[in-house]
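Visitor: Have a look at this one.
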């Protein structure tokens, strides 16, 4: 048994300052945006909502995954995921301005148009404002419940470990997995796919999940490396732990490409007009450049950077690629959402900055406040020494 | 004993922790050529041994890239240039359709190539002898002990010093391993009769089995059930689609070949003759192109020389000769019109031929006519 060498260290207030700065700047831009062009601001609000959901829900998924597969190496980082998962509580806040603008965002809320359109009329039992709100509310409530069950319960273990904690949490994780899949799919279909209510793709939930996993993992990687480099995680965490982050990021870069290409290939091959128009919108004018860009940004660059074995355990390259994947997820959401707002070509202005600023600011501030007076390692977990002592 | 060549010195340890600390001491004493044998992989071992990255990754990269480029180039050449075919309305070089195949070939070549490189370059196949085989040391480390072997190739190696060193770091059962002289002097003789007989027998068995499977078994039940499907064969009479008795579907009226516009002079041969001028000049290239297309599309009925003496003679109403006074006096536009619209039993060829190809055929037909009815000045 190796003793854990960990002294709690309060987070530097620099984190808070950067977070407040980002959030304040983003908030001003968002406010201006809603005043000047509320339609464009609302579409950017979807990017913000889905990014924060990716990080929050993705962190919960990573916690559940760790319990289910019984991973050792990630135990020292579980507390980071547990703290990060707190951003699920920001999701309803970011959805409020969107609920106020449902009519500008979603074509299917225009009842007179829907009644004229036989396809949309048949989709009405699902796509109506009442059921939409119920689905989102239910998803938010489920996220809160599972935040408590998977993350919230864990903090008390540091001082008073309870018997059977792991056994019970493994069962909760098993219950969480199908619920996670359903919640994530419904959210992806409701907030992203129904922007084009005529379009459908059965793989769309998985497509959003692929982005969710890689961005949640990238954010956890960033926190883990920065905290460890500044001595917040005690001693003993080094290249072999990082290697797992690198390998998983590499795997899910490939997974994203596989899913994205599967969706494209089937639609391209079948060539049915009710499916192809979604891609054709993304091939109009300057959107073609953005569409080609997503292959390079979300697949080729991370693939090439993470391919050599040393890259996966080198913190410098990992930090770079984790930031890159955060950017790639914003890019992906931009590519999914904005073509509905601007058909003829890509638009990018100061207003597109606010989802990035608010999302990053919120994550930093929530992390800072919630990590206060808490250990950054789950020191009550009997598996922690094994986790810290992990070697390839 | 004296004439044997020394391979190395081995020592045994009891626990994984002991072997890790032993490896660290061996490494810090400056030994480079040593190896560790354990019954199962021990976490942290590569780091303790300070192993670099394996060169195998580069083999995988090279083989993988070779596979990717080869597959992509082959498909591009075949589908785009060698035998262009329209498949479900896609371009001749449909890149998205190539990606799955490219991916498969990349993975195939990378994995097979890496394994073969490992076997032949790193494990020195077909050499299958190793001095550590059949030693007590190997028996122990493949059941429940952890062993280390310092090789004689190491620059710092000297038999007595290494034995002392291993004793000092706590190794048990220290053994000195020698090369087996028989194995060292062994030469592979590929003309040995046993080997040749084995090759002959396996060649006979494989080719015999292939012959039986492909020529007999595939035509025996149940494998031949597939031939008796409820399907319509091409060019056989069938009522499946309706009254016209064709088993193959004809293109809808007005279908044109790729990159071709709708024909403007439909039903107006005289106007076509007056307005249309052949844009091609009779160069060798154009005439060859016309000949190729004529031989494919026209010769089955009209014959290779346009006399109407073709291989389908008798099965359809025979077409009139292309050398008649009438056709020789037609303008180019009229021949173009007949190819495009059809005439009597002749169907339209506008879905198969582009305008340029039709004009090339017109050029070639003119050349055929000229060959049969040469003018005076052609003889000069």
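The values are calculated or read from the model by the stated rules, or taken from the named source; none is laboratory data. Computed from a predicted model, the values in this text were never measured in an experiment. Using ideal geometry, Cβ is built from the backbone for each residue, glycine included, and neighbour counts are taken over all protein chains shown.
Visitor: Within the range B:286-311, work out how many residues are out of contact with any helix residue (DSSP H, G or I) (no Cβ under 9 Å at 6 or more places or on another chain) and more than 18 Å from residue B:371 (Cβ to Cβ).
Guide: The total comes to 3.
Visitor: Name, by its number, the condition in (1) under 30 Å from residue B:15 (Cα atoms); (2) at pLDDT 90 or above; (3) out of contact with any strand residue (DSSP E or B) (no Cβ under 9 Å at 6 or more places or on another chain) that does not hold for residue B:141.
Guide: (3)
Visitor: I'd like the residue in the range B:44-76 that is surrounded by fewer than 14 Cβ atoms within 10 Å (Cβ to Cβ) and at pLDDT 95 or above and, out of all such residues, is farthest from the other protein chains (Cβ to nearest Cβ).
Guide: Ranking the qualifying residues of the range B:44-76, first place goes to B:73.
Visitor: Follow-up question, since we're still on this one. Determine whether the range B:90-107 contains at least one residue that is assigned to a helix (DSSP H, G or I), within 14 Å of another protein chain (Cβ to nearest Cβ) and touching a residue at least 40 places away in the same chain (Cβ under 8 Å). Explain how you work it out, then say what you get.
Guide: Step one: filter the range B:90-107 for residues assigned to a helix (DSSP H, G or I), giving B:95-107.
Within this subset, residues satisfying the condition of being within 14 Å of another protein chain (Cβ to nearest Cβ) are B:95-104, B:106-107.
Still in the running and touching a residue at least 40 places away in the same chain (Cβ under 8 Å): B:106-107.
Taking every residue of the range B:90-107 in turn, at least one turns out to be assigned to a helix (DSSP H, G or I), within 14 Å of another protein chain (Cβ to nearest Cβ) and touching a residue at least 40 places away in the same chain (Cβ under 8 Å).
Visitor: Just checking: which of the helices (runs of 4 or more DSSP H) contained wholly in the range A:75-183 hold 1 or more residues that are closer than 22 Å to residue A:387 by Cα? Quick ask: steps written out before the conclusion?
Guide: Details: elements: A:75-84, A:91-100, A:102-105, A:111-116, A:118-123, A:129-146.
The helices (runs of 4 or more DSSP H) meeting that bar are A:75-84.
Visitor: Return yes or no: is residue A:300 in a helix (DSSP H, G or I), within 14 Å of chain B (Cβ to nearest Cβ) and under 30 Å from residue A:242 (Cα atoms)?
Guide: In short, yes.
Visitor: If you check residue A:307 against the conditions, is it within 14 Å of another protein chain (Cβ to nearest Cβ) and either out of contact with any helix residue (DSSP H, G or I) (no Cβ under 7 Å at 6 or more places or on another chain) or over 20 Å from residue A:277 (Cβ atoms) (or both)? Give the derivation first.
Guide: Numbers: within 14 Å of another protein chain (Cβ to nearest Cβ): yes; either out of contact with any helix residue (DSSP H, G or I) (no Cβ under 7 Å at 6 or more places or on another chain) or over 20 Å from residue A:277 (Cβ atoms) (or both): yes.
Answer is yes for this residue.
Visitor: Could you list, in sequence order, all residues of the range B:177-199 that are surrounded by 10 or more Cβ atoms within 10 Å (Cβ to Cβ) and more than 30 Å from residue B:148 (Cα to Cα)?
Guide: Step one: list which residues in the range B:177-199 are surrounded by 10 or more Cβ atoms within 10 Å (Cβ to Cβ), which gives B:177-181, B:183-184, B:186, B:192, B:195-199.
Answer for the range B:177-199, where residues must be surrounded by 10 or more Cβ atoms within 10 Å (Cβ to Cβ) and more than 30 Å from residue B:148 (Cα to Cα): B:192, B:195, B:196, B:197, B:198, B:199.
Visitor: Restricting to the range B:341-350, name every residue that is more than 39 Å from the chain's Cα centre (by Cα) and closer than 19 Å to residue B:270 by Cβ.
Guide: Answer for the range B:341-350, where residues must be more than 39 Å from the chain's Cα centre (by Cα) and closer than 19 Å to residue B:270 by Cβ: B:341, B:342, B:343, B:344, B:346.
Visitor: Collect the residues in the range B:25-43 that are surrounded by fewer than 17 Cβ atoms within 10 Å (Cβ to Cβ) and over 28 Å from residue A:388 (Cβ atoms), keeping them in residue-number order.
Guide: Of everything in the range B:25-43, those that are surrounded by fewer than 17 Cβ atoms within 10 Å (Cβ to Cβ) and over 28 Å from residue A:388 (Cβ atoms) turn out to be B:29, B:30, B:32, B:33, B:35.
Visitor: Also, I was wondering about something else. Please specify each residue of the range A:260-292 satisfying the condition of being in contact (Cβ under 8 Å) with a residue 12 or more places away in the chain, within 14 Å of another protein chain (Cβ to nearest Cβ) and within 27 Å of residue A:305 (Cα to Cα).
Guide: Answer for the range A:260-292, where residues must be in contact (Cβ under 8 Å) with a residue 12 or more places away in the chain, within 14 Å of another protein chain (Cβ to nearest Cβ) and within 27 Å of residue A:305 (Cα to Cα): A:260, A:262, A:263, A:264, A:291.
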